[in-house]
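Novice: Submitted below is the structure of interest, expressed as structure tokens.
The values are calculated or read from the model by the stated rules, or taken from the named source; none is laboratory data. Every value quoted in this text rests on a predicted model; they were computed, and no experiment measured them. A quick note on method: Cβ atoms are made from the backbone with ideal geometry, for glycine too, and the neighbour counts reach across all protein chains shown. Heads up: the accessible areas ignore ligands, DNA and RNA and are worked out on the full protein's heavy atoms, side chains in. Shrake-Rupley method; radii C 1.70, N 1.55, O 1.52, S 1.80 Å.
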Amino acid sequence: MSKLKIAVLFGGCSPEYCVSLQSAYAVITHLDTGKYTPVLIGISEMGEWFRFTGDAGKIKDDTWCNPGDCTRAVISPSRETRGLLEFSADGVREVRLDAAMPVLHGKYGEDGTVQGLLELAGIPVVGCGTFSSAVCLDKDRARKLAGVAGVRIPKSFVAEENDDKVLAEERAGALGYPLFVKPVRAGSSFGITKVLNKNELPGAFRLAFEYDSRAIVEECIDGIEIGCSVLGKDELVIGQLDEIELSGGFFDYKEKYTLETSSIHVPARITPQKAGEIKDTAKVVYKALDCAGFARVDMFLTKSGEIYFSEANTIPGFTLHSRLPNMLKAIGMSFEQVLDRVIELAVGA
């Protein structure tokens, strides 16, 4: 059998560009080259698209974008091409693709924009499609859909940059302090502030609006954060749950990628019964948000045993040390097996 040509998209013009490079490096170096021919598509921080043919290590250390290793390229929206158009001095070359895996975090990669282009072109997407990608990155709308499906969600409201500041302050006060202010559409905890009193509210809004034009203000759920990795479309594979142990504050960008003062426990230190309830809740959320392929569903578990939905990540961190692969590793799935499975789901193998 001929090998499948799998595009791996990395980089992107979002604040999570560097995170994408690390995830993409892990994906590329663990693809089974006996089954797949990787086609590497890099997107610069300025939004320029290239076919990258250099060593994968240059992606990891962010030296990939150079004339010696890159040729300008774009995904053709034409279903006749169903692939990449590469532009060189010799002309335009078509590269047909069997599937594409966006390893892009945040806006313009995880938000349905790239998925929409791929679906328009007739290229199978490894992971969630256009709708689920768009809705999951929008914390407000994702929670509302989960709430309709019967899942508990934190009390919250959305504020826009030009909204009445006094009214926003009153609504925040009604939620009670402490509370969180977050960009509605951003990942990796960018722009998030834990607000202890109303004096901190203006600064929290300013920071959130640096990343999005809308901010969500939500109550602080007194509990632990639990993650659940989900693979599949109709039949779902659920990884071991993980638990974030914090020594203080919240799981911000620095803690997510350094774990200086926090720890992640796999499996989560909860009863089997409660773990089962959380996994069932994750399945409900996954299906309510039309997820397919893979996602990480994050929840809060209170001391009284209540489960609240926090957010669903359609392209979570994908390094060897990331949460989704580690939760699946705990049930016996290697990184390579995870990649095989999500590609098989995309191409219908």
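Novice: Could you tell me which numbered condition GLU94 fails, if it satisfies all but one of (1) in a strand (DSSP E or B); (2) surrounded by 18 or more Cβ atoms within 10 Å (Cβ to Cβ)?
Specialist: Single failed check for GLU94: (2).
Novice: Which pairs do you get when a residue that is free of Cβ contacts under 8 Å to residues at least 60 places away in the same chain and of a type in the set (Asp, Glu), found in the stretch 50-69, comes within reach of a residue that is part of a loop (DSSP other than H, G, I, E, B) and open to solvent by less than 70 Å² (accessible area, probe 1.4 Å), reach meaning Cβ atoms under 7 angstrom, with the pair 6+ apart or on two chains?
Specialist: From residues that are free of Cβ contacts under 8 Å to residues at least 60 places away in the same chain and of a type in the set (Asp, Glu), the pairs are ASP69/GLY54.
Novice: Let me ask another. Which condition number in (1) at pLDDT 95 or above; (2) at positive phi is the one that LEU179 fails?
Specialist: (2)
Novice: Oh, and also: State the number of residues belonging to the stretch 95-126 that are at pLDDT below 95 and more than 16 Å from ALA295 (Cβ to Cβ).
Specialist: 2
Let's see how each residue does on (1) in contact (Cβ under 8 Å) with a residue 60 or more places away in the chain; (2) among the charged types (D, E, K, R):
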| site | (1), (2) |
| --- | --- |
| GLU80 | no, yes |
| PHE87 | no, no |
| ARG93 | no, yes |
| VAL103 | yes, no |
| GLY109 | yes, no |
| LEU120 | no, no |
| CYS136 | yes, no |
| ALA159 | no, no |
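Yes/no per residue for (1) open to solvent by less than 50 Å² (accessible area, probe 1.4 Å); (2) not in a helix (DSSP H, G or I):
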{"position": "CYS13", "(1), (2)": "no, yes"}
{"position": "VAL19", "(1), (2)": "yes, no"}
{"position": "PRO67", "(1), (2)": "no, yes"}
{"position": "GLY106", "(1), (2)": "yes, yes"}
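Novice: For the stretch 24-50, which positions are farther than 22 Å from THR71 by Cα and not in a loop (DSSP other than H, G, I, E, B)?
Specialist: Once the filter is applied, which keeps residues that are farther than 22 Å from THR71 by Cα and not in a loop (DSSP other than H, G, I, E, B), the stretch 24-50 yields ALA26, HIS30.
Novice: Suppose we keep only residues that are among the charged types (D, E, K, R) and either within 14 Å of LEU339 (Cα to Cα) or touching an Asp or Glu at 6+ places or on another chain (Cβ under 8 Å) (or both) within the stretch 302-323. Which one would you say is most open to solvent (accessible area, probe 1.4 Å)?
Specialist: Only one residue fits best here, namely LYS303.
Results for (1) out of contact with any helix residue (DSSP H, G or I) (no Cβ under 8 Å at 6 or more places or on another chain); (2) more than 23 Å from LEU339 (Cβ to Cβ), shown as yes or no for each residue.
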| position | (1), (2) |
| --- | --- |
| PRO67 | yes, yes |
| GLY91 | yes, yes |
| ASP98 | no, no |
| VAL103 | no, no |
| GLN115 | no, no |
| ASP140 | yes, yes |
| VAL148 | no, yes |
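Novice: Ok, one more. Please specify each residue of the stretch 144-160 satisfying the condition of being assigned to a helix (DSSP H, G or I) and surrounded by fewer than 23 Cβ atoms within 10 Å (Cβ to Cβ).
Specialist: Selection gives LYS144, LEU145, GLY147, VAL148.
Novice: Let me ask something else. Being acidic (Asp, Glu) and crowded, with 16+ Cβ neighbours inside 10 Å narrows it down to one residue among ASP212, ASP222, ASP234; which is it?
Specialist: ASP212
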